[in-house]
1. Quick check on this structure: which one of 122, 84, 62 is in a strand (DSSP E or B) and either without any contact (Cβ under 8 Å) to a residue 40 or more places away in the chain or open to solvent by 10 Å² or more (accessible area, probe 1.4 Å) (or both)?
2. How about the stretch 128-197: which helices (runs of 4 or more DSSP H) wholly inside it have at least 2 residues that are open to solvent by less than 20 Å² (accessible area, probe 1.4 Å), more than 26 Å from residue 23 (Cα to Cα) and out of contact with any Asp or Glu (no Cβ under 7 Å at 6 or more places or on another chain)?
3. Looking at residue 236 and the list (1) open to solvent by 10 Å² or more (accessible area, probe 1.4 Å); (2) at negative phi, which single condition is not satisfied?
4. May I ask you to say which residue of 300, 311 is within 29 Å of residue 249 (Cα to Cα) and either among the hydrophobic types (A, V, I, L, M, F, W, C) or in contact with a Pro (Cβ under 6 Å, 6 or more places away or on another chain) (or both)?
5. If only one of 103, 9, 2 is β-branched (Val, Ile, Thr), more than 23 Å from the chain's Cα centre (by Cα) and modelled with pLDDT of 95 or more, which one is it?
6. Of all the strands (runs of 3 or more DSSP E) wholly in the stretch 271-362, which have at least 2 residues that are touching a Gly at 6+ places or on another chain (Cβ under 7 Å)?
7. In the stretch 248-271, which residue that is open to solvent by 10 Å² or more (accessible area, probe 1.4 Å) and either in contact (Cβ under 8 Å) with a residue 60 or more places away in the chain or among the aromatic types (Phe, Trp, Tyr) (or both) is nearest to residue 198 (Cα to Cα)?
8. Could you please tell me which pairs satisfy a Cβ distance under 6 Å, a separation of 6+ or placement on different chains, a first residue in the stretch 159-182 that is of a type in the set (Ser, Thr, Tyr), and a second residue that is assigned to a helix (DSSP H, G or I) and crowded, with 18+ Cβ neighbours inside 10 Å?
Amino acid sequence: MTGQLDPVTAEYNRRCAAGDRALAESMSRARLPPALVASMRDRFLPRPFFIPRPEILGLADRVVALLDLLLSVPDRFFGGDRERYARAVGMDPRRAGYLAPFTGRPELYGRADLYHDGESLRLLELNVGSALGGLDRAQISAALLEVPAFHAFAAEHGLGFVDTGVRVDRALRAAAAPLCGGRSPLVAFVDGNGAMAPYLHLATSFQEMLAGFGVEVLLAELGDVGFAGGRATVHGRPVDVVLRYFGVGDVLDDPAGLRVVDSLVRADAEGAVVLFSSLAGELYNNKRSLALLAELRGELTEDEVALADELLPWTRTMTPDLLEHCLAHGAELILKPGADFGGQGIVAGWQTDELDWKRALTAAVDQGAIVQRRVVPRAEPVLDPATGRSRDWHAVWDCFLTPEGYAGSHIRALPAGADAVIGMGVTEAARTTGIFYYDGV
C-alpha cells in the first residue's frame, strides 16, 4: 500500500458523499455498550478505519518479533544482570533494584502504538504489561456490524476484525485455569492507592465488557486487597486473578502498597492467585528500551537490524553528543520521557521555538528522555454526516497483543495538524473508532 487512499476507505467515503445516509450514519445508529458510551462521552469518529488484513497481521507478527528481541537483551548483552540493564534504560537505583529479581519471561500482553506514514505502520511506543487502555474499543466494530447498512457494506467487502475482548477473556481464563478448573475466574482490576479515580470510567467500561463474557471484575486499589485462608481477597471475596494496573512507581513510596504487592508476588509464586501480568514486564515498559537497540546495533544480527529499522523511526537516548544534531534538526524531531505515559512531558521540535527547544534538549539529557524522528501520519479523510463535509484526520493505530498474538486494534485520532500528541486523555478534540481489515495487499 502506497500513500494513496486504500480502496475500501475510498469506496466508503464515496458512497457517503453520494448521499447514502444510512451508511454515513452507521456510527450514530450503532448500539454501543452504555459504559463505553459514558467512558468516551460520545467522542466517536463517524466511521471506522480500514486496513488490508496482511498488513495488520504481518505488522503484529513483526511487533512480537521485536518484543522477543527486547526480552533477549538483558541475557545477551548484560550477562543476565537485570539491575545493570535497568540502569542502562534509565531506571533509578530503587526501581532497578526492586525489579531486578523478576527474571521470568513476562506474558505476551501489551499494545503497540503506531502511525501510518502512507507507506507502512511505524512503531512509536511499545507498552508491555497489563495496564493498557483501549481494550474495550473493539466493541465499536462489533456494534457496527449490527447496523444493517454497515453490515451490508462489510459483507460486500469481506470486512472482519479481531475482538480484543474475546482475546483478553481467553487470556485471563487460560492464566486462571489451574485455580478455576472449568468455572469462570473472579478477576480483580487493581490499581495503585489513590490512582484509580481519574480512570474509573475506563475501568468501568472494561468491567462491563468482560461481564459480557461471563467474567466478573472487581475494581480495587491496593488498599482493598487482603489475604485470608491462603487466598488473596478483594472486598472480602477470594479472587483468582489480580489484573495488575499498578506499576512499581505506584508503590516504592507507599509502604502499605508495597507490602501488598510483595504479598501478591508470593501468592502468585505459590499458586494461590494469578498476578497478571508479571512485574517482569516493567523492565521493558520504558521507551529507552527501544533506544537501547540503536546503541546495540553493532551487536545485532542483520535480520534484527532490519526488523528494528523497518518498524522504528530513528530513536536515541538523548545524550550530550546529540545536542548539536538535535538543535539543527528540531523540525524533524520529538522528545519523549522514558517512563511517562498518556502524552505527558512530550516536546515536539516543530512546535517549539529555538530557545525553548534548546532548553528542552538540555533538560532531556539529565532526565533520560529519548529523541525520535518525527513520523508524519497520513491524512485520513472522514465525512461528517451532519454537514456532508470531509475533513482530514491523523490517527494512532493501536495493535494489541495477547498470548494468541494479534488481539485487535482501535484508533485514536485528531484533526490533521491539531497537535503533536494524539490521545483521548490529552485533548478533548481527540476521537476514537474501531477498525476492520479486508483481504488485499
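The values are calculated or read from the model by the stated rules, or taken from the named source; none is laboratory data. If you're wondering where the values come from, they're calculated on a predicted model, not measured in any experiment. Methodologically, a virtual Cβ is constructed for each residue, glycine included, from the backbone with ideal geometry; neighbour enumeration extends over all protein chains shown. Each accessible area value is taken on the protein alone, full model and side chains, heavy atoms only, with ligands, DNA and RNA left out. Shrake-Rupley method; radii C 1.70, N 1.55, O 1.52, S 1.80 Å.
1. After applying the criteria, what remains is 122.
2. Qualifying helices (runs of 4 or more DSSP H): 164-180.
3. The one condition residue 236 does not meet is (2).
4. 311 is the lone residue from the list that is within 29 Å of residue 249 (Cα to Cα) and either among the hydrophobic types (A, V, I, L, M, F, W, C) or in contact with a Pro (Cβ under 6 Å, 6 or more places away or on another chain) (or both).
5. 9
6. 333-336
7. 249
8. Every condition considered, the pairs that remain are 164/138.
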